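Taking it in order: structure first as structure tokens, then the write-up.
Every number here is computed from the coordinates shown, using simple stated rules; none is lab data. All of these numbers come straight from a predicted model, not from anything done at the bench. Glycine also receives a Cβ, built like all others from the backbone with ideal geometry; neighbour counts cover every protein chain displayed.
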Amino acid sequence: MTTRVGVLEMLSVSAATCVLGALLMATFVLVPAPAGATGTAHDSGGSVAAVTGVPANGFWLTDSQGGVWAFGSAGAFGSAAGLHLNHPIVAIAPTTDSLGYWLVASDGGIFSYGDAPFYGSTGSLALNKPIVGLAPTPDGKGYWLVASDGGIFNFGDAGFFGSTGSLALNRPIVGMAPTPDGKGYWLVASDGGIFNFGDAGFHGSAAGIPGLDPTEKVVPSRSGQGYWVEEQNGTALPFGDAPGAPPPEGLLFQPVTPGDKAVLFAFAQLGKPYIWGGNGPAGYDCSGLALASWENGAGVGFARVANDQYHTAGTPVALTSLTAGDLVFWGTSQTDWTSVYHTAIYVGGDSIVESTGDHVQLNALDQWGLGDLMPNGRRP
């Protein structure tokens, strides 16, 4: 069984602003950028669209209208912003040298920028299901498009090795990855099911494992003799010879549980002032933030004051079992609920969102030590 980790663990990135940006947007795309490039932005005003990788030196964002944002060392090579698109952009993929990228629309229309060549598209075809992703071949001289039914469309030097287009799937296909030599590929479904073609070996599947968040990616090991199945919350399940943690990846996060929704609301309040007795939206005190996040984010209400929240909000949960949205508390006596003086919202990764000091902020759970931490949290 896998344990559902917190919202903050969904991305392996160093910059907190990137994490928070991803959380606050419904959809969001990150791809590797080359060292030494400069970055600018093309803004189209569309909703941000998907997620695909987090490098140390920069990344790109793309939105449903084809706008592209370049950050850090990522180069700005162009965008589809301002064009009349027949269908929304759903994915972005970099070239092998990261000096260009492809945008792909849900009808398989391809837009190429920088050194990304155009090899073909499905824009003129009547598709059974929409395109959900693009995977370049290892040498960058072709690409595959994959549809949500697992239909495969190959262009350039991308070979066709099979598809699930004729199968009745339990869950839709959400992504694909080629083997290192480009002579096969894996498809992954939203339940973690794996389908292998060509020289891609089957090393296991996450389908049927209880407690999974929606799956987003299959990431091959360096040898191609294994892979990680990655959930949207950052959990990476290794199969075959996939060692330890996978390379840094960007993941699209959408709330699954009420706690997720409460956390996303809380993140939207970051930086707002601490106001004694504040219930928002201008500012909050600690228990006011906890209550507003659950009421506005998840439609769940409970007591207003911190000690009453500890005594009555939802059900107790062990500190070793905290998940996103659970409330944690501090008190002067760990056996007396009336001594509770502070509450915060657990977000995963041993981190909390709280209103303290002079503003709402993201902090470590143990920032003040663990002496006053109450022995359990509460799950509203």
* **Relative contact order of segment 178-325, defined on C-alpha pairs under 8 angstrom at six or more residues apart (%)** => 13 percent
* Asked: Roughly how many nanometres apart are two label points built 7 Å out from the Cα toward the Cβ at residue 303 and residue 279?
  -> 1.7 nm
* In nanometres, what is the gap between the two model label sites at residue 87 and residue 170, each 7 Å from Cα along Cα-to-Cβ? -> 2.7 nm
* **Charge context of residue 302, other residues only, Cβ under 10 angstrom, K/R +1, D/E -1** => 0
* GluC sites (Glu not before Pro), restricted to segment 135-244: which are DSSP loop and have at most 10 other Cβ atoms within 10 Å? -> none
* **Local electrostatic count, residue 125, Cβ distance below 15 Å [Lys/Arg +1, Asp/Glu -1]** => -1
* Asked: Taking the Cα centre of segment 158-270 as the origin, how large is its charge dipole in debye, to the nearest 20, when only Lys and Arg (+1) and Asp and Glu (-1) carry charge on their Cβ atoms?
  -> 120 debye
* How big is the charge dipole of segment 216-273 about its Cα centre, in debye rounded to the nearest 20, if each Lys and Arg gets +1 on its Cβ and each Asp and Glu gets -1 on its Cβ? -> 200 debye
* Structure fact -> Between the modelled labels at residue 256 and residue 202 (7 Å from Cα along Cα→Cβ) the distance in nm is 2.4 nm
* Asked: Summing +1 for each Lys or Arg and -1 for each Asp or Glu, what net charge is found among the other residues whose Cβ lies under 15 Å from the Cβ of residue 271?
  -> -1
* Structure fact -> Expressed as a whole-number percentage, the relative contact order of segment 258-379 with C-alpha contacts under 8 angstrom and at least six residues apart is 29 percent
* For segment 150-206, what log10 I(q)/I(0) values come out of the Debye formula at q = 0.22, 0.25, 0.27 1/Å, with one point per alpha carbon and no solvent? -> -0.83, -1.05, -1.19
* Asked: Given the Cα-Cα distance of residue 223 and residue 97 and 0.36 nm per residue of separation, how much length would full extension add, in nm?
  -> 43.3 nm
* **Charge dipole magnitude, Cβ of K and R +1, D and E -1 - segment 243-380, Cα centre, debye nearest 20** => 280 debye
* Asked: Going by a ≥ b ≥ c, the root eigenvalues of the Cα gyration tensor, does segment 123-240 fall in the rounded group (a/c under 1.5), the prolate group (a/b larger than b/c) or the oblate group?
  -> oblate
* Asked: In terms of the Cα gyration tensor, with a ≥ b ≥ c the square roots of its eigenvalues, is segment 284-380 rounded because a/c is under 1.5, prolate because a/b exceeds b/c, or oblate?
  -> rounded
* **Calculated FRET efficiency for the pair residue 372/residue 183, C-beta based, R₀ 45 Å, to 0.05** => 0.15
* Structure fact -> Note: probe point = Cα of residue 115 + 7 Å toward Cβ; backbone nitrogen < 18 Å; residues of segment 67-91 passing the test are 73-78
